[in-house]
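Worksheet: one structure, shown below.
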Amino acid sequence: MPPPAERVPWRWLAAGRASRSLVLVVVFVALLLDNMLLTVVVPIVPTFLYATEYEGANSSVAPARTEPAPPALEAPPFSSMFSYFDNTTVIISGSTSATELANGTESSRPSQPSTSSPPPASGCPEGEEFLAKENVRVGLLFASKALVQLVVNPSVGLLTNRIGYHIPMFIGFIIMFLSTVMFAFSGTYTLLFIARALQGIGSSFSSVAGLGMLASAYPDDCERGNAMGIALGGLALGVLIGAPFGSVMYEFVGKSSPFLVLAFLALLDGALQLCILQPSKICPESTTGTPVFTLLRDPYILVAAGALCFSNMGVAMLEPTLPIWMMQTMCSPKWQLGMAFLPASISYLIGTNLFGILANKMGRWLCSLIGMAVVGISLLCVPLAKNIYGLIGPNGGLGFAIGMVDSSMMPIMGYLVDLRHTSVYGNVYAIADVAFCMGFAIGPSTGGAIVRAIGFPWLMIIIGVINIAYAPLCWFLRNPPAKEEKIAILSQECPMQTKSYTTQKTLRDFPLTDDSDAEAENAE
């Protein structure tokens, strides 16, 4: 029998596995690393492709253009030239002689090979046509992650219902680690595309399993809202650190360095999951979850998913197009391309943590409505910026507003399942992640094409107007009916209540009022 001192670590592990707080830490770290990898490539990929493909191609073509030019201007193989300096006739060959250099006869020749002109004094990159095409290619590369995640998410939702959340969470870690290492050593567009798509698979496992695990660990609606706000803070922190960290490391250390740091952090996350979650243990749900297609027919879930999709589509369109627009109009150096997203990341971090608590008091539907309106206004202001300082206000407002929407809509998804369906959360958070991914799939892939066709300002106007037009639909989420009710009760002047519902209890009529609990006790 081991002495008590040796049993202390095992007691700590046993207590940790039973602790909801450590589950929240695991999900927080997983979302942090996923979104750091999501955004760390934003400033790196456009400049890396420009350096390797455009500048690399031009530097290899330039010598081929300049070398054949001098022979066309050279003298015949042997010719005579009379020198007025010493009254002698000199026999010269086709190559430049020392006498010619002394007499300055070659003074007019060096000005000829001017094919490789120096870069403009403004520091703006050359190759306008290449940058226009790169908008589309970079947009498709960024969208590949979300497109793959979109396809994989429903399968992961079904898998979590059958085997629990722990094993899919660990599978997500393994795939994310492989994707990060592949990013570090990829040197071509094709390999970067594959690494990005692979990240989508890992992200699908991590996000669906992580959010479902949180919803199961926090059945009370108020506690769940606070926990979701903290977990989304990990997402926000990843977005906050990712782009500036990537741009600074790429500028001063090299392309592989930020990805190797993330790979090391991912290994620490895997060790944490092994200790806390026991990913070899299969824990299926005790009850059968509502099918995905049934949830997709619920109009309230669709409204919530649409809010997640369109609010995040704005920042998704900015990721591939804003750095290239800054290169063209502001002549920004590499480190500024990532720093431009810093205000959005900081304000998103503040918004998710602040409104994870406030949304319960003021109504989550109202937070989402205001948030989507502010998203639209912020996007309309982005093209007005003339330098990086002009982006601080619009990007800050954009991040804060998206934080309002995300911290309100994620708990609403779990609340709607409790209220109208079976309290099993894998499928509904698969839908939430699908909505999130649709924004990040449609945004970059269409954004690059729209910029090439009508320009960056019109892209911001289009997506800004869409967000403002969608915002009033959040009003329908202020008082969703319970599943027994056939007619929606949407006319009551009462915000969404923070109650905990289970499938075993009989659901009373909604919306709840302050006197409803007392009436229920008297009835009993």
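The values are calculated or read from the model by the stated rules, or taken from the named source; none is laboratory data. Note that the coordinates shown come from a computational prediction; the quantities given were computed from them, not determined experimentally. Cβ atoms come from the backbone with ideal geometry, glycine included; neighbour counts cover every protein chain shown. Heavy atoms of the whole protein, side chains included, go into the accessibility calculation; ligands, DNA and RNA do not. Shrake-Rupley method; radii C 1.70, N 1.55, O 1.52, S 1.80 Å.
Quick look at the numbers
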read-out: Net charge, residue 233 excluded, C-beta distance under 14 Å - Lys, Arg +1, Asp, Glu -1; value: -2
read-out: Residue 155-residue 331 FRET efficiency (beta carbon distance; Förster radius 60 Å; 0.05 resolution); value: 0.85
read-out: Extended-chain gain in nm, criterion 0.36 nm per residue less alpha-carbon gap, residue 350 and residue 220; value: 44.4 nm
read-out: Protein accessible area in segment 148-211, 1.4 Å probe - carbon and sulfur %; value: 82 percent
read-out: FRET efficiency, 1/(1 + (r/R0)^6) with R0 51 Å, evaluated for residue 389 and residue 482 via beta carbons; value: 0.50
read-out: Rel. contact order, % - alpha carbon contacts under 8 angstrom, at least six apart, segment 360-468; value: 40 percent
read-out: Highest to lowest packing among 168-181, 249-262, scored as the average C-beta count within 10 Å; value: 168-181, 249-262
read-out: Difference of contour (0.36 nm per residue) and Cα-Cα distance, residue 163 to residue 297; value: 45.7 nm
read-out: Net charge contributed by nearby residues that have their C-beta within less than 11 Å of residue 410 (K/R +1, D/E -1); value: 0
read-out: Per residue accessible area of segment 192-257, 1.4 Å probe, in Å²; value: 25 Å²
read-out: Carbon/sulfur fraction of accessible area - segment 388-450, other protein chains in place, 1.4 Å, %; value: 75 percent
